[in-house]
Amino acid sequence: MILLNASHFVGKGLHRECYRHPDDTQLCVKVVVAGDLSESKREQSYYKLLQKRDICWDILPRFHGLIETNMGTGAVFDLIRDYDEEVSKTLAHYLSYEQLAASENAGLSQAITVFKQELHRQAIITMTISPKNIMYKKTSANSGRLIIIDNIGNSDFIPICSYVTYLAKKKIARKLLRFEDTVLKMCGHNKALSKHLLSEFRA
Ligand SMILES: Nc1ncnc2c1ncn2[C@@H]1O[C@H](COP(=O)(O)OP(=O)(O)OP(=O)(O)O)[C@@H](O)[C@H]1O
Ligand SMILES: [Mg+2]
């Protein structure tokens, strides 16, 4: 059993809290703090499918199994960090809160384009694709890539899309259109970034 405390805290959503793994700087541990375990169970079963498919893990953190903690059972994932070792921030953060340097806009919009292509190419199914569930991993001051950390898998009653690539890709294309709208709305105040994104999305 590992002991988590406030000094390990990384971030939280509505259901889970994320902590740095006390014994491994490359990992994080997520514990459920509200609601039941059904979301986490669905995520884990979709991860099993992806592990069997042997995907390349460039847009998803790897899942390293479950571990007992003082806060209940935790799920262990790669901790997403920037080139300077800081824990990465969410795409939502970069779109809405931070005044991006003009030099960062091109890298961010390119990362969004690559992410969209890869999600579709690798046929990774997600529920709503939200900027708060995507990390922007900076690989240099002005470039980076996006990694989706939550809401992957299929909530359909009969999840046939998880097994039929053609159907999966149709579903993903629909979700990506909605994602584009969300992204544009969130960065509306940043005219330079909006312009970059519009030209990427219409390319
Ligand atoms: N692999 C990771 N690397 C770095 N930070 C992470 C990672 N996973 C989660 N986080 C941080 O923890 C926060 C909460 O994680 P997560 O989105 O999985 O929680 P959640 O409660 O399931 O979210 P939701 O409210 O969308 O249901 C994220 O917003 C992010 O800041
Ligand atoms: Mg979340």
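Rule-based calculations on the coordinates, nothing more; no lab input. Computed from a predicted model, the values in this text were never measured in an experiment. Note that we place each Cβ from the backbone using ideal geometry, even for glycine, and neighbour counts take in every protein chain shown.
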Where in the stretch 105-145 does the label zone of Ser199 land, with the point 7 angstrom along Cα→C-beta and an amide N cut-off under 20 Å? 105-117, 142-144
Arranged by the count of other C-beta atoms within 10 angstrom, fewest first, what order do Leu197, Leu27, Leu177, Leu146 take? Leu177, Leu27, Leu197, Leu146
Ordered by residue, what ³J(HN,Hα) values in Hz, to whole numbers, does the stretch 145-159 give under the Karplus form 6.51 cos²θ - 1.76 cosθ + 1.60, where θ = phi - 60° and Gly and Pro are x? 9, 9, 10, 8, 10, 7, 6, 8, x, 10, 9, 5, 4, 10, x
Charged-residue dipole, Cβ positions (Lys, Arg, Asp, Glu), the stretch 1-88 about Cα centre, Debye nearest 20: 440
Computed Rg/Rh for the stretch 14-130 (Cα atoms; Rh = Kirkwood radius) stands at 0.97
Given H placed 1.01 Å from N in the peptide plane, which residues other than close sequence neighbours of Val10 have an amide H under 5 Å from its amide H? Cys18, Tyr19, Arg20
Compute for the stretch 89-201: radius of gyration divided by Kirkwood radius, i.e. Rg/Rh, restricted to C-alpha atoms, rounded to two decimals. 0.99
Along the Cα-to-C-beta direction of Leu49, a point sits 7 Å from the Cα; which residues of the stretch 2-42 have their amide N less than 13 Å from that point? 42
Can you put Lys116, Lys191 in order of Cβ neighbours within 10 angstrom, beginning with the fewest? Lys191, Lys116
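Using the Cα atoms as the points, what is the convex hull volume per residue of the chain in Å³?
Spelled out: Cα convex hull of the chain, divided by residues, is 124 Å³.
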Could you give the dipole magnitude of the chain about its Cα centre, charging the beta-carbon of Lys and Arg +1 and that of Asp and Glu -1, in debye to the nearest 20? 880
Estimated vicinal HN-Hα couplings, Hz - the stretch 45-53 in sequence order (Karplus 6.51, -1.76, 1.60; Gly, Pro = x): 6, 5, 4, 4, 4, 5, 5, 5, 6
Could you list, in their original order, any pairs among Lys30/Lys170; Lys52/Lys195; Lys116/Lys191; Lys48/Lys132 whose Cα atoms are separated by more than 29 Å? Lys30/Lys170; Lys52/Lys195
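So how do Phe63, Phe77 line up by other beta-carbon neighbours within 10 Å, fewest first? Intermediate values should be presented prior to the final figure.
Values: Phe63 18, Phe77 21.
Starting with the residue having the fewest Cβ neighbours, the order is Phe63, Phe77.
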Below 15 angstrom from the Cβ of Ala106, what's the summed charge of the other residues (Lys, Arg +1; Asp, Glu -1)? +2
Which of Leu167, Ile67, Ile80 sits farthest toward the positive end of the charge dipole of the chain, with +1 on the Cβ of Lys and Arg and -1 on the Cβ of Asp and Glu? Leu167
What is the calculated FRET efficiency for Val114 to Lys41, with r their C-beta to C-beta distance and R₀ = 35 Å, to the nearest 0.05? 0.70
Please work out the Cα center distance from the stretch 16-70 to the stretch 132-203, rounded to the nearest Å. 20
For the chain: relative contact order, % (alpha-carbon pairs under 8 angstrom, 6 or more apart): 19
For the stretch 89-201, calculate the relative contact order in percent as a whole number, restricting contacts to Cα pairs under 8 Å that are 6 or more residues apart. 34
